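Undergrad: Quick one: the structure is below, and I'll ask about it shortly.
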Amino acid sequence: MERVVALGRRFLPRGWRDFGLQIGIWFGFYFTYLAVRHLTDQNPAKAVVNGLRVISIEQHFTHHLFELTIERIADSSSTLLTAAAWTYWNSEFTVIGLTLLWVYLRRHDAFTRFRNTILLANIVGLLGFWLLPTALLQTFGNSYAAMPSLHAADALIVAFFMVSTSRTIWAKALWALWPVWVWFCVIATANHYVLDVLAGIVVAVISLIATAAIPKAMRTAGPAIANLL
């Protein structure tokens, strides 16, 4: 037992208790995420109608379905298609979990904002799934949770924090390319529309701004509120 405690003191920034709390938050959110996504299956007709609307909007403004072009590019190579499918399945909880763990252990000062940004973006995304279920009938994942693309949002958030915390140019460059690759993959595997990806990017940007602005506003408001009391 003493060795376990010593190990925690050596490698964990705040000890085992805080590490266990972070794991609890992550898995608590994960199961909540699954439960809410399950609710999106309750109205498939509405989801299909919303999916057709997304296609109609894209055709109206671009006169072309870019998804079909991207899918043909992926289909031209079995290696590329396999890599795209692997990325789709692992870019969410696998990559996010590993990068959160790395930042927690090695760049702890950035961890709280990283975690909160991921949580906020996914809460916004889950609200989108619930309020606007959108169907993609040929998909590997949840057929009624296309809008916004949380794969797109989370990839951008991961890239933002990994670029800002990495210390070598090559690592920064690779992580900067990560969201672009994920955006390609989620469309190439027929799991998202282009508009889903764009919506996901907006969700990520809003979440990044919010997690930077809210703590500053609270620190500013704190002394003012204390003076009033």
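Undergrad: Residue by residue through segment 179-197, note down the ones that are open to solvent by 40 Å² or more (accessible area, probe 1.4 Å) and at pLDDT 90 or above.
TA: Val180, Trp181, Trp183, Phe184
Undergrad: Still on this structure: Could you tell me whether segment 67-84 includes any residue that is at pLDDT below 90, among the hydrophobic types (A, V, I, L, M, F, W, C) and either farther than 30 Å from Lys172 by Cα or loosely packed, with under 12 Cβ neighbours inside 10 Å (or both)?
TA: Yes, the conditions are met somewhere in segment 67-84.
Undergrad: Looking at segment 90-113, which of its residues are of a type in the set (Gly, Ala, Ser) and farther than 17 Å from Pro13 by Cβ?
TA: Taking segment 90-113 first, the residues of a type in the set (Gly, Ala, Ser) are 91, 97, 110.
Of everything in segment 90-113, those that are of a type in the set (Gly, Ala, Ser) and farther than 17 Å from Pro13 by Cβ turn out to be Ser91, Gly97.
The values are calculated or read from the model by the stated rules, or taken from the named source; none is laboratory data. What you see is a predicted model, and the numbers here were worked out from it, not measured in a lab. Ideal geometry is used to build each Cβ from the backbone, glycine not excepted, and the neighbour counts take in all protein chains shown. Side chains are part of the model used for accessible areas, which takes the heavy atoms of the whole protein and leaves out ligands, DNA and RNA. Shrake-Rupley method; radii C 1.70, N 1.55, O 1.52, S 1.80 Å.
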